[in-house]
Amino acid sequence: MTSDKDHRLDDDGRPPPGSPVFEAILENERNRRYLGERLDAAGDRIDTDLLGDVVRHGPVLEALLEEPLDRRGIEARLDVSRATSHRYTQWLDEQGFVEKADGRFQLTWRGEVVAEEVLRFEANVRTAHRLTPLLDAICEDHREFVVEPFVDATITVAELDDPYGPVERFLSLVDESEAFRGFNTTHMAPLVLGEFHRRVFDETDTEIIHLPATVRKLFETYPERAREAIDRGHLALRTRDDLPYGLALFDERVGIGGYDETTGLMQVFVDTDAPIGREWAERVYASVRADSEPLGERKDLIR
């Protein structure tokens, strides 16, 4: 089975420090609900009209973030008129976002920061919109969910003509992986799907954190095979009395599942191969795992 070291845990049981950028994202997530209070305390809120102007100038800020441009370059890049490019550059200059050198406009350090934040804002708003099915499914628990790692995620939603799309996407990623870790509010896949459980029991190096009732049902359905997999060290089960949603860590990707509370069926599965997504998932999994019990301490579940 996988060891604690494989889970990226230090000797004290905590995940190791991440990249400075990732740490900054986490810190922002911790403080985001208090940002308004902090801004009020500072006594210098930005006028909403200025904020709107910043967003409206997002395209030219993004263009200049890539490289300095003269007005003709701006006109060609954004497909705008000479008058519009003049208006853009005049406003950027008034705000101190650009300076002119060798006939080209380049962002100041302040302009670069603003341009990057406008892009991040756009990406997060777009991602939040795309992730609506997942955020609706995980309800109150989305407060501990970080949006940025899933900007370019694959989102699979159960549709009337394809109700099993999310679970099929999940199963395809299991099939591609040699190792699998995760936790879930229900079974990772319906118990009737024998192929998934065959892989879990016989092929894929697996560790799963389940609710006690889910573990009990698993052993009722597959008593001999589950015990054999555990005895071989091929399957590790842990339990926790409360879980926020479904999290899966595959060889190359990480994913989150949202379930219908009435039927227990997976309604949406979101997965990504972004390194920042992996780092977030590792953090979440390590935190949940640290607050779980090995199955050996819950003999009552496998009678």
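The values are calculated or read from the model by the stated rules, or taken from the named source; none is laboratory data. These numbers come from a predicted model, not from an experiment. So basically every Cβ, Gly included, is an ideal-geometry build from the backbone, and we count neighbours across all protein chains shown.
When the residues of segment 152-173 are filtered to those that are assigned to a helix (DSSP H, G or I) and hydrophobic (A, V, I, L, M, F, W, C), the one that is farthest from Asp273 (Cα to Cα) is Val167. Do we have Thr108 as under 22 Å from Tyr245 (Cα atoms) and of a type in the set (Ser, Thr, Tyr) here? No; evaluated as a whole, the condition is false for this residue. Restricting Glu148, Glu99, Glu116 to residues that are free of Cβ contacts under 8 Å to residues at least 12 places away in the same chain and surrounded by 13 or more Cβ atoms within 10 Å (Cβ to Cβ) narrows the list to Glu99. Would you confirm, using the coordinates I've provided, whether Glu176 is closer than 17 Å to Pro133 by Cα, at pLDDT 85 or above, surrounded by fewer than 17 Cβ atoms within 10 Å (Cβ to Cβ) and out of contact with any Gly (no Cβ under 6 Å at 6 or more places or on another chain)? No, not satisfied. A count restricted to segment 119-138 and to residues that are farther than 30 Å from Thr262 by Cα and in contact (Cβ under 8 Å) with a residue 40 or more places away in the chain stands at 3. If only residues of segment 55-105 that are assigned to a loop (DSSP other than H, G, I, E, B) and charged (D, E, K, R) are counted, the one that is farthest from the chain's Cα centre (by Cα) is Asp102. Asp231 meets all of the listed conditions (1) exposed (fewer than 13 other Cβ atoms within 10 Å of the Cβ); (2) closer than 15 Å to Thr186 by Cα but one, namely (2). Hey, any hits in segment 260-267 for a residue that's of a type in the set (D, E, K, R), in the same structural domain as Val200 (by TED's automatic domain parsing) and closer than 22 Å to Arg169 by Cβ? Within segment 260-267 (the criterion being of a type in the set (D, E, K, R), in the same structural domain as Val200 (by TED's automatic domain parsing) and closer than 22 Å to Arg169 by Cβ), the answer is yes, since at least one residue qualifies.
Within the option set Ala229, Ala248, being under 24 Å from Tyr164 (Cα atoms) and of a type outside the set (Val, Ile, Thr) holds for one residue only, Ala248. Can you find a residue in segment 128-143 that is under 30 Å from Thr186 (Cβ atoms) and either part of a loop (DSSP other than H, G, I, E, B) or at pLDDT 95 or above (or both)? Scanning segment 128-143 turns up at least one residue that is under 30 Å from Thr186 (Cβ atoms) and either part of a loop (DSSP other than H, G, I, E, B) or at pLDDT 95 or above (or both).
So which residues in segment 284-303 are modelled with pLDDT of 85 or more and surrounded by fewer than 22 Cβ atoms within 10 Å (Cβ to Cβ), if there are any at all?
Listed by number, the residues that qualify are Val284, Ala286, Ser287, Val288, Arg289, Ala290, Asp291, Ser292, Glu293, Pro294.
With respect to (1) out of contact with any Ser or Thr (no Cβ under 8 Å at 6 or more places or on another chain); (2) surrounded by fewer than 18 Cβ atoms within 10 Å (Cβ to Cβ); (3) not charged (D, E, K, R), the lone exception for Leu237 is condition (2).
Does segment 17-37 contain at least one residue that is surrounded by 14 or more Cβ atoms within 10 Å (Cβ to Cβ), of a type outside the set (A, V, I, L, M, F, W, C), modelled with pLDDT under 70 and closer than 30 Å to Arg278 by Cβ?
Yes: segment 17-37 contains one or more residues that are surrounded by 14 or more Cβ atoms within 10 Å (Cβ to Cβ), of a type outside the set (A, V, I, L, M, F, W, C), modelled with pLDDT under 70 and closer than 30 Å to Arg278 by Cβ.
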